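**Q** Mind looking over this structure? Questions follow.
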Amino acid sequence: MAEAKKVIVTGGAGFIGSHLVDRLLAEGHQVVVMDNLSTGKLRNLNPSATFHHSDITHQLVNDVFHREQPDIVFHMAAQVSVTESTKDPINDAAINVTGTLRLLEASRRFGLEKFIYSSTGGALYGDPEVNPCAETTPIRPMSPYGLSKHLGEQYVELYHRLYHLNYSILRYGNVYGPRQDPHGEAGVIAIFTQAMLEGRQPQIFGGGEQQRDFVFVADVVQANIRAMQHGDGEAINIGTGETTSVNCIYEALQSIIQYRWDAERRPQRPGEIYRISLECSKAARILGWSPQISLEEGLQQTVESFRKGVRATA
Ligand SMILES: NC(=O)c1ccc[n+]([C@@H]2O[C@H](COP(=O)([O-])OP(=O)(O)OC[C@H]3O[C@@H](n4cnc5c(N)ncnc54)[C@H](O)[C@@H]3O)[C@@H](O)[C@H]2O)c1
């Protein structure tokens, strides 16, 4: 096990962040969460973490760093909705670009060991000509969200060049698993699962043959843990290299949940990427990471945890 560290997880009350917090605590690290609870939930938050109800765009970020003196920052807080980013690109940039910059400024002042930045593979490369696409694929975001996450990456790299701030950038595929918000616009597995368990009819947009690289949240957490000691100065895809269509996901969940009804078919949403998967040999080589949870197993675990939630509120 790695030496115990003091870490800050921004967005630690969110979907991926809260799983990372649980794992870090289980490994004996001291964990501080910064979250404004805009999409995150207090019920996700591990009570053993120190919680600062704070906004990453606010100058009080410096006070938190001053008080906590972290060794490592996992930066997961973000405006994560592609639709919202199109409706309000200024707010998207304020959180994803300026918020990231504020954390970088605080990090360089306090002599951080490492800054680990959660980025996106799915929204960065556009509709790539070759799949699975490697990290060298041209960056061609199709939304303000994709661009703001990439600008965050570029600031991280700049702070390395200017101030030698050590970093890793992790570019995730479509992450899924327990605690994902089933009421958002993204996260098709959470949305379908919740609807099927409640006996509602899920909607499929644009034929359902769109294909994505679905990666289970525990695998994404493991990539972050590996990045504490490996992958310095690198941007690394974190996915499976496989593509699965939305229709396939629907059928797999139907069979696990024993849901008989067809989906409601809706027109394609503008700007939706048709097919993407991430080539992840760099993660294997540099982080010693590869996904361990098959889609089938991940879907089973997700349904199981959503079932408990539905029972609890019934
Ligand atoms: N879920 C995915 O499929 C996916 C894919 C690629 C990249 N990512 C990245 O992973 C990270 C985590 O995403 P998630 O899916 O867990 O989303 P999430 O919405 O569950 O988590 C984001 C967290 O950030 C917090 N937050 C938002 N704005 C904030 C602000 N201004 N100040 C403080 N906290 C703020 C929210 O309250 C929430 O707890 C994000 O950086 C996202 O861009 C996610």
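Any read-out appearing in this document is the output of simple, stated calculations on the displayed coordinates, not a laboratory observation. Small disclaimer: the values here were computed from a predicted structure and weren't measured. Heads up, the Cβs are rebuilt from the backbone with ideal geometry, glycines too, and the neighbour counts pull from every protein chain shown.
**Q** Where does helix 100-109 land angle-wise versus the long Cα axis of the chain, in degrees 0 to 90, nearest 10?
**A** Compared with the principal axis, the helix lies near 30 degrees.
**Q** Convert each backbone phi in the stretch 169-177 into a coupling constant with the Karplus relation 6.51 cos²θ - 1.76 cosθ + 1.60 (shift: θ = phi - 60°), then list the ³J(HN,Hα) values in order as whole Hz, x for Gly and Pro.
**A** Per residue, the Karplus-derived 3J(HN,Hα) values read 10, 10, 9, 7, x, 7, 7, 9, x Hz.
**Q** A follow-up question, please. Taking N as the number of residues in the stretch 1-40, what value does Rg over Cα atoms divided by 2.2 N^0.38 Å take?
**A** Computed over Cα atoms of the stretch 1-40, the ratio equals 1.14.
**Q** Related question: Among all the lysines, which ones have a C-alpha under 18 Å from K87's C-alpha, if same-chain residues fewer than 8 places away are not counted?
**A** K149
**Q** Would you mind ranking L165, L170, L112, L103 by Cβ crowding within 10 Å, fewest neighbours first?
**A** So the ranking, lowest neighbour count to highest, is L165, L112, L170, L103.
**Q** Here is a follow-up. Considering the Cα positions of the stretch 126-172, please state its Rg to one decimal place and its Dmax as a whole number of Å.
**A** Computed over the Cα atoms of the stretch 126-172, radius of gyration and Dmax are 12.3, 36 Å.
**Q** Let me ask something else about it. If I take all pairs of Cα atoms in the chain, what percentage of them are more than 33 Å from each other? Write out the running numbers ahead of the final one.
**A** On the way: 10099 of 49141 pairs.
Counting every Cα pair in the chain, those more than 33 Å apart make up 21 percent.
**Q** Given the alpha-carbon gyration tensor of the stretch 253-314, what are the semi-axes of its equivalent ellipsoid in whole angstrom, ordered largest first, with each equal to the square root of 5 times an eigenvalue?
**A** Whole-Å semi-axes of the equivalent ellipsoid: 29, 22, 11.
**Q** Please report the antiparallel percentage of DSSP beta bridges with both residues in the chain, rounded to the nearest 5.
**A** Working: 2 of 38 bridges.
Around 5 percent of the beta bridges assigned by DSSP in the chain are antiparallel ones.
**Q** Magnitude of the Cβ-charge dipole of the chain, K/R +1 and D/E -1, about the Cα centre, nearest 20 debye?
**A** Result for the chain is approximately 420 debye, rounded to the nearest 20.
**Q** Over the alpha-carbon set of the stretch 146-254, divide Rg by the Kirkwood Rh and report the Rg/Rh ratio to two decimals. The partial results should precede the final answer.
**A** Values: Rg = 17.1 Å, Rh = 15.9 Å.
Reported Rg/Rh, Kirkwood definition of Rh: 1.07.
**Q** What are the radius of gyration and Dmax of the stretch 64-126, computed over its Cα atoms and given in Å?
**A** Final numbers for Rg and Dmax: 13.5, 41 Å.
**Q** If you don't mind, another one. Positive end of the dipole of the stretch 83-235, charges at C-beta (+1 Lys, Arg; -1 Asp, Glu), about the Cα centre: which of A93, I204, Q229 has its Cα farthest in that direction?
**A** The Cα lying farthest towards the positive end belongs to Q229.
**Q** Magnitude of the Cβ-charge dipole of the stretch 149-286, K/R +1 and D/E -1, about the Cα centre, nearest 20 debye?
**A** Once rounded to the nearest 20, the dipole reads 60 debye.
**Q** In addition: Which residues does a label at S38 reach in the stretch 177-203, if reach means a backbone N under 16 Å from a point 7 Å past the Cα toward the Cβ?
**A** 184-186
**Q** OK, next. Long-range amide H contacts for A235: which residues qualify at under 5 Å (H placed 1.01 Å from N, peptide plane, sequence gap of 5 or more or a different chain)?
**A** Long-range HN contacts for A235: I169.
**Q** Would you calculate a helix-derived [θ] at 222 nm for the chain, using -39,500 (n - 2.57) for each DSSP H run of n ≥ 4 and dividing by the full residue count, to the nearest 500?
**A** Estimated from H runs of four or more residues: -11000 deg cm²/dmol.
**Q** I'd like the Karplus ³J(HN,Hα) series for the stretch 49-66: coefficients 6.51, -1.76, 1.60, θ = phi - 60°, whole numbers in Hz, and an x wherever there's a Gly or Pro.
**A** Each residue of the stretch 49-66 in turn: 8, 7, 10, 10, 7, 9, 9, 5, 8, 8, 5, 5, 3, 4, 5, 4, 4, 4 Hz.
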